[in-house]
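The values are calculated or read from the model by the stated rules, or taken from the named source; none is laboratory data. Only a predicted model underlies this, so the values are computations on that prediction, with no experimental measurement involved. Using ideal geometry, Cβ is built from the backbone for each residue, glycine included, and neighbour counts are taken over all protein chains shown. Side chains are part of the model used for accessible areas, which takes the heavy atoms of the whole protein and leaves out ligands, DNA and RNA. Shrake-Rupley method; radii C 1.70, N 1.55, O 1.52, S 1.80 Å.
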Amino acid sequence: MRVYAEYGGSVKRWAYLSCRIAAARGFDHSAAHLTPEEGLPLLAAAEDDRGARWESMLLLGSPEVVAAARDWHQAVHRLDWYARGRLTDAEQWLPAIREMEKYRDKYYECARNDLGVGGGTLPPPAWPPPWVPKTGT
C-alpha cells in the first residue's frame, strides 16, 4: 500500500508542478502560476522522485497496477512538455488534462482492486467546481 500511495503522490506532485508552470505560460488552469525559472528545477526534481519510486512499483506492483501507472505517468509527461514549452497547442491542453485525469483514476482503481479495497469505482473529478471563473484562455 505504501508503494502505491507514495508513487501516486509523486506523480501528483509532478503533474501539479507541470500545471502551475504551464499556467504561467498562459495555459488555462486554476493552479497558482509558477514561472518557468522558478518551477523547472522543481519539476526536474519531482520527475526524478517519480522515477526513483517507479523502481519500487516495478518490483512490487501487480501487472495491472504497473500498466495503469505507466499510462498515468506518460500522460503527465505530456503536461511536463507543456510546462517546458515543448508543446504549445492550446487546443490540446485541456484534452491533455482530461487524459491525465482518466489515467490517474484508472491507476487508483487498479491499486484499490489489488489491495482489496472495497467501495467500487471512484466518482469522476468535479473540477473545476461551478464557482471557479473561466479565464478565457
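Annotations for the structure displayed:
- Residues satisfying the stated conditions in region 8-33, i.e. farther than 25 Å from ASP105 by Cβ and not basic (Lys, Arg): ALA24, GLY26, HIS33
- In the condition set (1) touching a Lys or Arg at 6+ places or on another chain (Cβ under 7 Å); (2) under 21 Å from ASP28 (Cα atoms); (3) of a type in the set (Asp, Glu), ASP89 is compliant with all but (1).
- Subset of region 102-130 that is over 17 Å from GLU64 (Cβ atoms) and under 16 Å from the mean Cα position of the chain (by Cα) - its residue that is surrounded by the fewest Cβ atoms within 10 Å (Cβ to Cβ): ALA126
- Yes/no for TRP131 being aromatic (Phe, Trp, Tyr), out of contact with any strand residue (DSSP E or B) (no Cβ under 8 Å at 6 or more places or on another chain) and farther than 30 Å from MET1 by Cβ: yes
- Residue selected from region 77-101 under the condition open to solvent by 60 Å² or more (accessible area, probe 1.4 Å) and among the hydrophobic types (A, V, I, L, M, F, W, C), by the criterion nearest to THR35 (Cα to Cα): TRP81
- The C-beta contact set for region 71-89 (first residue free of Cβ contacts under 8 Å to residues at least 40 places away in the same chain, second residue in a helix (DSSP H, G or I) and not small (Gly, Ala, Ser), distance under 6 angstrom, 6+ apart or interchain) comprises ASP71/TYR103; ALA75/GLU99; ALA75/MET100; ALA75/TYR103; LEU87/TRP81.
Here is a yes/no grid of residues against (1) among the aliphatic types (A, V, I, L, M); (2) open to solvent by less than 20 Å² (accessible area, probe 1.4 Å):
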{"position": "VAL3", "(1), (2)": "yes, no"}
{"position": "ALA15", "(1), (2)": "yes, yes"}
{"position": "SER18", "(1), (2)": "no, yes"}
{"position": "ALA23", "(1), (2)": "yes, yes"}
{"position": "GLU37", "(1), (2)": "no, no"}
{"position": "LEU40", "(1), (2)": "yes, no"}
{"position": "ALA45", "(1), (2)": "yes, no"}
{"position": "ALA52", "(1), (2)": "yes, no"}
{"position": "ALA75", "(1), (2)": "yes, yes"}
